[in-house]
1. Exactly one of these conditions fails for ASP168: (1) free of Cβ contacts under 8 Å to residues at least 60 places away in the same chain; (2) open to solvent by 10 Å² or more (accessible area, probe 1.4 Å); (3) of a type outside the set (Val, Ile, Thr); (4) out of contact with any Pro (no Cβ under 7 Å at 6 or more places or on another chain). Give me its number.
2. Need a quick list: helices (runs of 4 or more DSSP H) entirely within the range 1-84 having at least 3 residues that are exposed (fewer than 11 other Cβ atoms within 10 Å of the Cβ) and among the small types (Gly, Ala, Ser).
3. Find the residue count for the range 85-99, including only residues that are open to solvent by less than 30 Å² (accessible area, probe 1.4 Å), part of a helix (DSSP H, G or I) and modelled with pLDDT under 95.
4. Is one or more of the residues making up the range 113-132 of a type in the set (A, V, I, L, M), open to solvent by less than 10 Å² (accessible area, probe 1.4 Å), within 30 Å of TRP493 (Cβ to Cβ) and in contact with a Phe, Trp or Tyr (Cβ under 7 Å, 6 or more places away or on another chain)?
5. Got a sec? Which of GLY476, GLY464, GLY492, GLY454 is modelled with pLDDT under 95, open to solvent by less than 50 Å² (accessible area, probe 1.4 Å) and more than 30 Å from HIS588 (Cα to Cα)?
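The values are calculated or read from the model by the stated rules, or taken from the named source; none is laboratory data. The model shown is predicted, which means the values in this text are computed figures rather than measured ones. Glycine also receives a Cβ, built like all others from the backbone with ideal geometry; neighbour counts cover every protein chain displayed. These area figures cover heavy atoms from the full protein model, side chains too; ligands, DNA and RNA do not enter into them. Shrake-Rupley method; radii C 1.70, N 1.55, O 1.52, S 1.80 Å.
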Amino acid sequence: MFKEFWDFLMNDFFITGDPLILGAQVSIGLSMVAIVIALTYFKKWRWLWTEWLTTVDHKKIGIMYVIAALLMLFRGGVDALLIRTQLAVPNLEFLHAGHYNAIFTTHGVIMILFMAMPLMFGLFNIVVPLQIGARDVAYPYLNSLSFWLFFFGAMLFNVSFVIGGSPDAGWLAYPPLSELSGSPGLGQDFYIWGIQISGIGSLASGINFVVTILKMRTPGMKLMQMPMFTWSVLSSSITIMFAFPILTVTLFLLFIDRYLGAHFFTLDGAGNPMMYINLIWMWGHPEVYIVVLPAFGIFSDVVSTFSKKKLFGYKSMVFALMSISIFSFFTWAHHFFTMGSGANVNAFFAVTTMLIAIPTGVKVFNWLFTMFRGRITFSQPMLWTLAFIPCFVVGGMTGVMLSVAPADFQFHNSYFLIAHFHQVLIGGVVFGYFAGLYYWWPKMFGFKLHDGLGKWAFWLWNIGFYVCFMPQYALGLMGMTRRFNEYNFDLGWQPLNVVSTVGAFIMGLGFIFQVWQIAHSIKFLKKEKSGDAWGEGRTLEWSIPSPAPMYNFARLPEVTSSDEWWEEKQRRAQGIKPKPLAPLEPIHMPKNSGIPFIMSVCFFIAGFGFVWHWTWMIVPGLIGVGCCLFARSFDYDTDYYVPVDEIERTEAALKGGR
């Protein structure tokens, strides 16, 4: 019995025989031990449970999203460096073919779903309630559940690297590679259930923020008076509501194929792999806009703040954001022009792809006109914004090139496409969220990040980006296709691959500088004494102390403009006295709850059981989920009121700190 169990652990359960994976297993084990020892030594277990694991405070949930996203950026970045190392030299045997396939699969999934999405939701949580003058999101309990579902879904996916085996059918898992015939191992099941569990959390977050923005705005704030970042969150969240159910259904059908022997996406049994490809891209292309739309909102707020001007063309920006949200659902087939859809279908999707470039271009001109004749301050958020504009313009131009169906027959599946995709996703999404992190960091933690180290990181990221991806356009035109783990000397691809690999490591160095920057800023803490950390804040989040108190606003502000705080400062400068303050009243707040965390653990247990086909684990996991839902249904002690004397003490302490 013991020998059989040991053989199972060594041959089936744990991944053995690869030194890179062994190193990961050792580092994960040591990290877990170190965390347990630190929490025990400093007696922080109760603090961890009461302050973080059970919190429903949108600001703390946002911080946890950001921390998780940065960890996933490290994991996905290491995957990228391994890929580029393998491709630097022809016929290199650094990674064998199976390991290479697993790494580029996990790299794509992690960067899109487990890095960009949580970083986006983190900024949603931290900023949106403060910008609209709310005390929390519409559904605080659901917000906590959304985070923990994302977290445990991401953990279920990531554990496949050391247990069971990573998925290796590509980041979108095209059949037949993702069917049992092409992927008989457990990796694809980790893929399905990791994404399914986290996807439930993403869909719930989208619904939560739509309701929050539509129903929780402070008195006087009309829709056309919302800050542009809040508009971008609304457009992104609406897109999530319509796109993520498609992903859920698609992966569930793939699961039925693999688990019950159905034939939705197999040629035998009257199935069709093209049905999967259509469905996955009906989610996949809107997903690109889901993550890039909030970046557009960040750039709008940053440009307006550091140009010291109102945003040019507010109404056209709103129209552009909402237009992109709608048009994003009518462009998916441009991902497979080469797959025989026919000339009429290709022409339709080519035109819609070109059309969506129009509202995208409108925003670039709005930002440029906002900066025109402005008194620009070249702060860290503004630097990332300025770096985005030329980068995204190049990405947009190459996107239009790819939208031309006949030309796409040459570009398809080549490194030209890889370069374009990263030009848009790094230049748009990553640069945008970095701008947002630097911009709202003082609001999150009450101190700015070190400026000198930040500029080193900025230049390393930007130089590394162009060194890495510009050669890939040329490699694509020279015929280099993606997903190959080796190539011959006589193809002439080595020089540009070496350059590209050097660029990737320069970006990695930029990330190291950012980690150094955060650590340095924490050690040599310079607390912000003003809630308006940049001195030029325009929106409501800058009108309260940093970090914000748990209830955000002691009194709900009244709003007459999208730049309410800026105009209030102008009125004060002109000697116009503010309106008399209304008397303080008790504030209604939600109570913390451990049910979202426990329910998400049960989802993880059930998902792990489905991966291994262990009924003895599936059933308890699902029963645990049901028990948590039952317990929540009969939990009536879910909120409380913050008394006036506590509000007065908190406000006095915050003003004393300022």
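1. For ASP168, the exception is condition (1).
2. Of the helices (runs of 4 or more DSSP H) lying wholly inside the range 1-84, those with at least 3 residues that are exposed (fewer than 11 other Cβ atoms within 10 Å of the Cβ) and among the small types (Gly, Ala, Ser) span 19-41.
3. 1
4. No, there is no match, as no residue in the range 113-132 is of a type in the set (A, V, I, L, M), open to solvent by less than 10 Å² (accessible area, probe 1.4 Å), within 30 Å of TRP493 (Cβ to Cβ) and in contact with a Phe, Trp or Tyr (Cβ under 7 Å, 6 or more places away or on another chain).
5. Every option except GLY492 fails the conditions.
To keep it simple, each residue is scored yes or no on (1) more than 30 Å from PRO545 (Cβ to Cβ); (2) modelled with pLDDT of 95 or more.
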residue	(1), (2)
SER146	no, yes
ALA154	yes, yes
GLY164	yes, no
GLY185	yes, no
GLY194	yes, yes
ASN208	no, yes
LEU223	no, yes
VAL233	no, yes
PHE244	yes, yes
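Listed here are the residues, each with its yes/no results for (1) hydrophobic (A, V, I, L, M, F, W, C); (2) assigned to a helix (DSSP H, G or I); (3) surrounded by fewer than 23 Cβ atoms within 10 Å (Cβ to Cβ); (4) touching a Gly at 6+ places or on another chain (Cβ under 7 Å).
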residue	(1), (2), (3), (4)
PRO406	no, yes, yes, no
HIS420	no, yes, no, yes
GLY427	no, yes, no, yes
GLY432	no, yes, no, no
LEU437	yes, yes, no, no
TRP440	yes, yes, no, no
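Each row is one residue, and each column tells you yes or no for (1) among the hydrophobic types (A, V, I, L, M, F, W, C); (2) surrounded by fewer than 17 Cβ atoms within 10 Å (Cβ to Cβ).
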| site | (1), (2) |
| --- | --- |
| SER307 | no, no |
| MET317 | yes, no |
| ILE324 | yes, no |
| GLY342 | no, yes |
| GLY361 | no, yes |
| TRP367 | yes, no |
| ARG373 | no, yes |
